[in-house]
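Step one of this worksheet: look at the structure below.
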Amino acid sequence: MRYISLGSGSKGNATLLEHQGRSLLIDCGFSRKTLLQRIESAQADAGQLEAVLVTHEHGDHAKGVMAVCELLDIPLYCSQGTAIHMGWIDHPRWQPLTGGDLASVAGMSVAAVTVPHDAREPLQFVVEAAGLKVGVLSDLGSLTPHVVAAYQGCHGLQLEANHDPDMLRKGPYPPRLQARVAGPYGHLSNAQCAELIQRIDWPGVQHLTAGHISEKNNHPDLVGQALAVIPGLSDRPVRLLAQNRVADWCEF
Ligand SMILES: [Zn+2]
Ligand SMILES: [Zn+2]
């Protein structure tokens, strides 16, 4: 099993997971063209893609989903709330998922996890294959006991480190938007990301990446500083994801 971020941030997110020559995509906040280019630069095969899982309706996650599904003739999975918002509720490609569901997609087992975020019915996903668990967690405003429990035991973790509270406060966002981002249904700060890692880290974690890093309200150095306080993590550095760059594969 292996996985890769094809881009991460407020202008678009997509993560590709592969197992035994079959793959699934979590989110497509890019245009169809950009997504296909990025799959190619990852030296992966779009023809192996069997489904897209959609976390929620925000454009940086859902924008290109239907175009990609139409092109490749594959289904999309998301919550009813997301489907209603996107106008997919009667669409034959839509496969409903509810928080707590387990679904088999592209030969992998997908657990849908309910998260606190300001969308209609947001989900995040833990994907398991061949005894290996990968947790992808991008948009949430706070660390609920439910989320912390759902991401225990993962061998690969792709988490959110969205903002530095000081930069957010001094940055260009109007007060209302600042309050939204920092609020319990917004996005995780660097310190919250560090806390999450400490609450779910265990010796079996082989890959740790942090993404959805704000270009206006954060800086990679600040993410690094916030995560450097985590005891025992120095020999397993957290790799940072970027908006305009395909990351390295995380392989098991
Ligand atoms: Zn969002
Ligand atoms: Zn987002």
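A short reminder: the numbers here are calculations on the coordinates, not readings from a lab. This one's a predicted model, so the numbers in the text were calculated from it and none came from an experiment. Cβ: placed from backbone, ideal geometry, glycine included. Neighbour counts: every protein chain shown.
Quick notes on this one:
- So Val148, is it away from ligand 2 (no atom under 16 Å from the Cβ) and of a type in the set (Val, Ile, Thr): yes
- Taking segment 122-152 as the range and being within 15 Å of ligand 1 (Cβ to nearest atom) and either of a type in the set (Gly, Ala, Ser) or assigned to a strand (DSSP E or B) (or both) as the test, the residues that pass are Leu123, Gln124, Phe125, Val136, Ser138, Gly141, Ser142.
- Members of segment 56-73 found to be crowded, with 17+ Cβ neighbours inside 10 Å and more than 16 Å from ligand 2 (Cβ to nearest atom), listed by number: Met66, Val68, Cys69, Leu72
- Some residue of segment 91-109 being assigned to a strand (DSSP E or B) and under 27 Å from Ser214 (Cβ atoms): no
- Taking residues in segment 49-78 that are more than 15 Å from Asn13 (Cα to Cα), and partners anywhere that are within 13 Å of ligand 2 (Cβ to nearest atom) and β-branched (Val, Ile, Thr), the pairs with Cβ atoms closer than 8 Å and at least 6 places apart or on different chains are Leu76/Val54; Tyr77/Val54; Cys78/Val54; Cys78/Thr55.
Matching residues to (1) within 16 Å of ligand 1 (Cβ to nearest atom); (2) buried (at least 22 other Cβ atoms within 10 Å of the Cβ); (3) more than 22 Å from Pro92 (Cβ to Cβ):
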| residue | (1), (2), (3) |
| --- | --- |
| Asn13 | yes, yes, yes |
| Ser31 | no, no, yes |
| Ala44 | no, no, yes |
| Gly81 | yes, no, no |
